[in-house]
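The structure appears right after this line, and notes come after that.
The values are calculated or read from the model by the stated rules, or taken from the named source; none is laboratory data. Remember, it's a predicted structure, so these values are computed and weren't measured experimentally. Positions of Cβ are backbone-derived with ideal geometry, glycine not excepted, and every protein chain shown enters the neighbour counts. For accessibility, only protein heavy atoms count, side chains too; no ligands or nucleic acids. Shrake-Rupley method; radii C 1.70, N 1.55, O 1.52, S 1.80 Å.
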Amino acid sequence: MDRLMKVVAAATLLAAASSHARAADCADDPKTTGLSRTVAVDSTGGKTFGRLQYKNSAPVRKMEVILTFDDGPHSHYTKTILDTLDRHCVKATFFTVGRMALFMSAALKDAAKRGHTIATHTWSHPRDLSKLPIEEAKIEIEKGFVATSYALGEPIAPFFRYPGLNDSPELNAYLASRDISVWSVDVVSDDTMAGLTPEQLINQAMERVRQMKGGVVLFHDLKAVTAAGLDGFLTQLKLEGYKVVHVVSNASYQPNPEMVARLDFSKQSLQTVAFTGVAPAGKNGAMAPNNVLTSGQVDIMKTEFLNIESSAISKKREIAASKTPKDAAPAR
């Protein structure tokens with residue numbers, strides 16, 4: 001725990017620019033970049049973004065998109081997605097699950113090394129954070145940030161996205177008090193839908209981008225269909241004149257020492273039926289020797305789990321569409 005505290009506490013000592021002291025790549029060259037802009041976001045006061053739930057979109061103009069990926073990192077699909085982003089010379093934001101970050105730290109570090117923004121999506125991806133007791137929900141949030149910072153070995157952006165986009169006024173107020181911004185979406189790709197082909201993903205996502213005239217696009221970097229379809233999606237974006245914006249933070253996540261002291265990173269904490277399909281053995285909850293987790297065992301691609309999430313997001317999208325004029329454009 002001492003080492004963990006030192007790593008996350010480093011956020012108080014490093015400037016935001018430290019995360020961008022990378023080797024130059026094609027996205028830095030005006031002749032090759034696929035980015036239209038890089039925008040620094042101030043999370044002070046817990047700003048909210050994404051017209052699916054909130055009034056304002058992120059700082060994008062008409063015909064601009066922000067690429068975001070949830071639920072990873074994944075040992076295979078994240079690399080494929082990173083390679084595709086490199087080919088198009090664009091950057092994205094990865095909302096990692098803290099537990100996945102610990103198990104797949106190599107993929108996480110690869111994303112950061114390539115210049116992408118690292119944010120979080122809770123510790124264990126509960127289906128509806130708003131239904132948990134408030135203190136338990138706070139721990140899920142903080143533990144996700146701490147685990148990801150620890151796995152990466154450096155500070156991360158104070159950007160947060162709710163699993164299933166299930167927020168609450170109380171949790172939004174808490175995040176505001178912690179200067180953590182809340183990121184919803186403008187465009188849902190539905191890449192979690194069972195049986196979706198890469199072609200269907202591209203067509204569906206592009207249709208929604210057109211309807212919203214850009215905005216924050218939601219993908220998942222642990223989905224095979226996303227890894228297979230992303231190149232076609234980015235190609236179509238460019239053909240239709242859309243530009244990609246990279247959002248970075250002007251500050252780093254600041255750990256709360258009191259909250260960090262309450263976090264449990266034991267092996268038992270790392271294991272749940274929802275993620276591994278294996279319950280702890282014994283009356284006292286101790287894990288049997290055969291149940292000790294190893295890298296690669298975590299499985300959050302359960303069909304039941306993702307269908308529930310997809311259904312919840314689809315309902316929010318329908319509500320947002322009924323309130324949004326068809327000719328509405330993102331705020332400038």
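Worth a mention:
- Ordering of 147-160, 77-90 by burial proxy (mean other Cβ atoms within 10 Å per residue, highest first): 147-160, 77-90
- Legend: distances between Cα atoms for Lys31/Lys62; Lys109/Lys138; Lys47/Lys243; Lys55/Lys223; Lys47/Lys138; Lys31/Lys243; pairs beyond 21 Å are Lys31/Lys62; Lys109/Lys138; Lys47/Lys243; Lys55/Lys223.
- Modelled spin labels at Asp86 and Ala173, positioned 7 Å past Cα toward Cβ, are 4.7 nm from each other.
- Probe 1.4 Å, protein heavy atoms only - accessible area per residue of segment 77-174 in square angstrom: 28
- As a size descriptor, the averaged projected area of the C-alpha convex hull of segment 112-203 was calculated at 7.5 nm².
- One chain, two ends: Asp42 and Ser75. Fully extended at 0.36 nm per residue, the span grows by 8.8 nm beyond their Cα-Cα distance.
- In a fully extended conformation the segment linking Lys31 and Glu258 would gain 76.9 nm over its present Cα-Cα distance, using 0.36 nm per residue.
- For segment 70-165, with all protein chains in place and a probe radius of 1.4 Å, 52% of the accessible heavy-atom surface sits on carbon or sulfur.
- Counting protein heavy atoms only, segment 178-262 has 51 percent of its accessible area on carbon and sulfur, 1.4 angstrom probe.
- Protection proxy ranking, peptides 229-242, 194-207, average beta carbon neighbours within 10 Å, highest first: 229-242, 194-207
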